[in-house]
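Trainee: Below: one structure in structure tokens.
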Amino acid sequence: MNDISKTVIAILAEQAMLDPAEVDGSMTIEALGLDSLALVEAIFAIEERFDISIPFNSAEPGAAGFDISSVDSIIAAVKGLMAQEAA
């Protein structure tokens, strides 16, 4: 697991009040127990940590290319945004 994955998992785990070791890549937002406020806080924390801008409508899975349907999809979306901003 790379640093981006570990950091995203740590942020999501903190919002879900879980140990990062309890977070699996296939877990959904619902499985993590994140409500809409916790999800927004996690998105803000991810934006701040990685210096990226997540599309406003990211609360809709697949919207604007930022998929929040699972932990793995969030990690992939963060990596994609970082690659876009680096280009």
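The values are calculated or read from the model by the stated rules, or taken from the named source; none is laboratory data. These numbers come from a predicted model, not from an experiment. Glycine also receives a Cβ, built like all others from the backbone with ideal geometry; neighbour counts cover every protein chain displayed.
Trainee: Restricting the search to segment 23-46, which residues are part of a helix (DSSP H, G or I) and either surrounded by 15 or more Cβ atoms within 10 Å (Cβ to Cβ) or touching a helix residue (DSSP H, G or I) at 6+ places or on another chain (Cβ under 7 Å) (or both)? Before you say what the answer is, go through the steps one by one.
Mentor: Kept after step one, since they are part of a helix (DSSP H, G or I), are these residues of segment 23-46: 29-32, 36-46.
If the condition is that a residue be part of a helix (DSSP H, G or I) and either surrounded by 15 or more Cβ atoms within 10 Å (Cβ to Cβ) or touching a helix residue (DSSP H, G or I) at 6+ places or on another chain (Cβ under 7 Å) (or both), then Ile29, Leu32, Ala38, Leu39, Glu41, Ala42, Ile43, Ala45, Ile46 are the ones that fit.
Trainee: Looking only at segment 56-85, count how many residues are at pLDDT 80 or above and of a type outside the set (D, E, K, R). Show your work before the answer.
Mentor: First, pick out the residues of segment 56-85 that are at pLDDT 80 or above: 67-84.
Still in the list and also of a type outside the set (D, E, K, R): 68-71, 73-78, 80-84.
Total meeting the criteria: 15.
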